[in-house]
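Data first, discussion second: the structure below is written as structure tokens.
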Amino acid sequence: MIATHALTLAKLAEHLLDDEIHVWRLDYQPQQRREPLRAVLGAYLGIDGDRVVLTDGEHGRPALANAHDQSLGFNWSHSGGHALIAIGRRIAPGIDLERLRVRPRALEIAKRYFTDDETSALAVLPMSARHAAFLELWTAKEAVLKALGRGLAFGLDRLSVTSTIDRLSLQRLEGDDIQAWQLQRLPVDATLVAALAWRGEARRIQLGTLASGG
């Protein structure tokens, strides 16, 4: 279940429940580096953002340093001047965001990196629908890999995803039980494609927007 809120960051951060994931959308420029991420995490930790210390995992996934509350899991993604930050307790969420754009080589890329079933599903779509469908599969796969703490080197063909009007579904994840996973598309806006994944029980997703400058 996804709910969209216009509440402030501080107000929602105080009330993050164990059965929720908070997802924040914000404007983002690369020169900001991780400052917006640290600011959001600081609100949940109850400290100033400049006191938040991040470390990088083996495959580049950022994590909170040991001095911080280790029950707080998070992930983020940015594209085309926008960012999404996902935060939950006692889970490791994975989130991915892509700006919707024409991908002339979508089918060629799918043949190289996706599963045969995924490539076949894309091939029967008209060109007008193929770009968005490709990006939806890509973001879903990336979200799962990020939740695993792995990068693209894991292999996009080692997991498969289907997309219908109603939902995204994880069909296969090599070495893991797909029934233990949740995969959710995020209705950000018509110009962006986004997905959220985590290993664990279903949770409510609270989707909010931060004004520029926090």
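The values are calculated or read from the model by the stated rules, or taken from the named source; none is laboratory data. Remember, predicted model here, so these are calculated numbers, not experimental data. All Cβ positions, glycine included, derive from the backbone under ideal geometry; neighbour counts span all protein chains shown. Note: areas computed on protein heavy atoms with side chains; ligands, DNA, RNA excluded. Shrake-Rupley method; radii C 1.70, N 1.55, O 1.52, S 1.80 Å.
Quick notes on this structure:
- Per residue, the convex hull spanned by the Cα atoms of the chain measures out at 123 cubic angstrom.
- Considering only the chain, percent of DSSP beta bridges that pair antiparallel, nearest 5: 75 percent
- Split the accessible area of the chain by element, probe 1.4 Å, and carbon with sulfur accounts for 50%.
- Residues of the chain were split at every exposed loop site, defined as trypsin sites (Lys or Arg not before Pro) in a DSSP loop with at most 12 other C-beta atoms within 10 angstrom, and the longest piece left, sites excluded, is 106-166.
- Simple label model, 7 Å out from Cα along Cβ direction - Arg105 to Arg172, nm: 2.5 nm
- Over region 39-84, the ratio between the Cα radius of gyration and 2.2 N^0.38 Å evaluates to 1.20.
- Span from the region 103-146 Cα centroid across to the region 161-214 one, whole angstrom: 16 Å
- Expected 222 nm ellipticity per residue - DSSP helices of 4 or more, -39500 (n - 2.57), all of the chain, to 500: -7500 deg cm²/dmol
- With eigenvalues of the C-alpha gyration tensor scaled by 5 and rooted, region 105-180, Å: 21, 14, 11
- Note: relative contact order over the chain, using C-alpha pairs below 8 Å and six or more positions apart, is 27 percent.
- Accessible area expressed per residue, the chain, with surrounding protein chains retained (probe 1.4 Å, Å²): 51 Å²
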